[in-house]
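See below for the structure under consideration.
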Amino acid sequence: MALAMLAISSFFLFSAHASSDDFLPCLSRAIPEQLLFTRSSPSFASVLASSVRNPRFLTPATVRPLCIVTATNASHVQAAVVCGRRHGVRLRVRSGGHDYEGLSYRSVRAEEPFAVVDLAGLRCVRVRRRAATAWVDSGATLGERTARTGGDTSRPSPVTAASKVHAAGGLEFL
């Protein structure tokens, strides 16, 4: 029994570390091509630079991602996670927030393949006034959240802080 479990877990371990060469075809099967920007795409550089806050981390020496997924719904994020795990590619998530260290679009290790999942297209703000609740997608800006909820931008908001910190793109007060 223990030997069978070891064999099964070894199969999953080795299949999870498959070649990153298969990562892009995996994404292409699940994500529309207009949302997937590879290094050879004409718009790759502009999409990569679109939310860079610190140009010090966007130089010719900066390690570039294999691709950028500009997700417009949760299934695109799910596909990136599944393909990344299956093919040994790490994901960096950016949501348009404050990322002064550039951790959402670069890597310090050239030998470690990675991709960027851009959540800026996931910017819906849903408010249920009767229930006194709101759901704010990770790509929503503070202005969009304020416009829909009538909130005050002059003080920190736990709603904004939670969405930005969980998306690994922000420095907010908790």
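The values are calculated or read from the model by the stated rules, or taken from the named source; none is laboratory data. Predicted model only: the values in this text are computed from it and were never measured. Neighbour counts are summed over all protein chains in view; Cβ atoms, including those assigned to glycine, are modelled from backbone coordinates with ideal geometry. When the accessible area is computed, the model is the full protein with side chains, heavy atoms only, and any ligands, DNA or RNA have been set aside. Shrake-Rupley method; radii C 1.70, N 1.55, O 1.52, S 1.80 Å.
3J(HN,Hα) couplings calculated from phi for segment 120-127 with the Karplus curve 6.51 cos²θ - 1.76 cosθ + 1.60 (θ = phi - 60°) are, in sequence order, 4, x, 9, 10, 6, 10, 10, 10 Hz; Gly and Pro show x. Above 22 Å, the calculated P(r) of segment 40-123 contains 20 percent of its Cα-Cα pairs. Solvent-accessible surface of segment 29-88, averaged per residue with a 1.4 angstrom probe and all protein chains in place: 57 square angstrom.
Amide H contacts of residue 122 (H built 1.01 Å from N, in plane; Pro and chain starts excluded): 139 sit under 5 Å, all sequence-distant by 5 or more or on other chains. Seen from residue 65, the other residues with C-beta closer than 9 Å to its C-beta sum to a net charge of +4, counting Lys and Arg as +1 and Asp and Glu as -1.
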